[in-house]
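Encoded as structure tokens, the structure appears first; notes follow it.
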Amino acid sequence: MLTIDAISKSYLDGTVQQHILSQLSFSIESGVSVSIRGASGSGKSTLLHLLAALDTPDEGRIWFSDSTIQASKLDIASFSEAQANAYRMSTIGIVFQKYNLIDVISVKENIFLPAKLNAQKGVPLDTDYITKLMADLGVLKHADKLPHQLSGGEQQRVAIARALAHKPRLLLADEPTGNLDSVNSELVSSLLIDTCSKHNTTLILVTHSEKVAALTSQQVFLEQGRLVSTSG
Ligand SMILES: Nc1ncnc2c1ncn2[C@@H]1O[C@H](COP(=O)(O)OP(=O)(O)O)[C@@H](O)[C@H]1O
Ligand SMILES: [Mg+2]
């Protein structure tokens with residue numbers, strides 16, 4: 001379960017303190033997909049950065065646990081740098097709007113890279129699993145190509161495979177299909193949601209699209225710094 005407990009975050013804009021997230025509380029069951037919508041500037045990316053331990057809230061706590069990870073008393077919001085690095089390497093996966101693929105190495109090498117880095121830390125590399133993941137996401141046939149030889153939708157499917165290759169328990173996706181046309185956006189989003197569901201990976205998906213949001217098991221809105229649940 002992912003538990004967000006009374007998180008607040010503000011930024012200093014000139015001399016004015018901008019309150020982005022205000023006492024935000026929410027919890028999400030493991031293995032569930034949740035979409036987050038909200039106006040531009042409502043703090044969706046800020047929230048994902050906090051969940052990814054890329055930034056820290058001004059106040060509040062965040063916990064993540066599921067059947068494979070012992071319920072940790074450790075609060076993500078107060079991780080040390082080493083704990084945050086380990087958490088980002090092993091527990092979570094991130095997909096951004098920009099694919100951030102490395103252009104000089106093959107699709108396959110891009111996908112295997114984070115899992116290989118984890119393998120150096122003693123986590124076994126599951127080649128069969130990653131190959132299956134690539135097949136599920138329809139990118140196995142592009143394995144030896146360079147990223148720029150693929151369409152936008154295909155590149156994002158590669159980025160999704162890369163984000164899932166180390167078997168993260170939580171996948172954070174920030175408008176992953178924002179660059180794609182609506183047909184590809186829905187196609188790639190449903191692949192993302194189905195793949196997470198198949199592996200019991202908790203998914204938090206920020207999207208502008210109502211159609212994409214409708215594919216997730218729970219839909220929430222970010223409004224005035226708080227999450228408003230709409231369904232699920
Ligand atoms: N590092 C930062 N420093 C100052 N202001 C920031 C920073 N990150 C985000 N903001 C501000 O916080 C607000 C919310 O941003 P963001 O979380 O990116 O919104 P969204 O993803 O919902 O569009 C915006 O007004 C943005 O300018
Ligand atoms: Mg954003």
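No lab work stands behind these numbers, since they all come straight from the coordinates. Since this is a predicted model, take the numbers as computed values, not measurements. Cβ sites come from the backbone with ideal geometry, for glycine too, and all protein chains shown count toward neighbours.
Here residue 182 fulfils each of the conditions (1) surrounded by fewer than 18 Cβ atoms within 10 Å (Cβ to Cβ); (2) within 26 Å of residue 4 (Cα to Cα); (3) free of Cβ contacts under 8 Å to residues at least 60 places away in the same chain apart from (2). Please verify whether residue 179 is touching a Gly at 6+ places or on another chain (Cβ under 7 Å) and more than 21 Å from residue 63 (Cα to Cα), treating the condition exactly as stated. Here the answer is yes, as residue 179 does meet what is asked. Output yes when any residue across segment 54-68 is under 17 Å from the mean Cα position of the chain (by Cα), under 17 Å from residue 201 (Cβ atoms) and within 16 Å of ligand 2 (Cβ to nearest atom), and no when none is. No - not one qualifying residue is present in segment 54-68.
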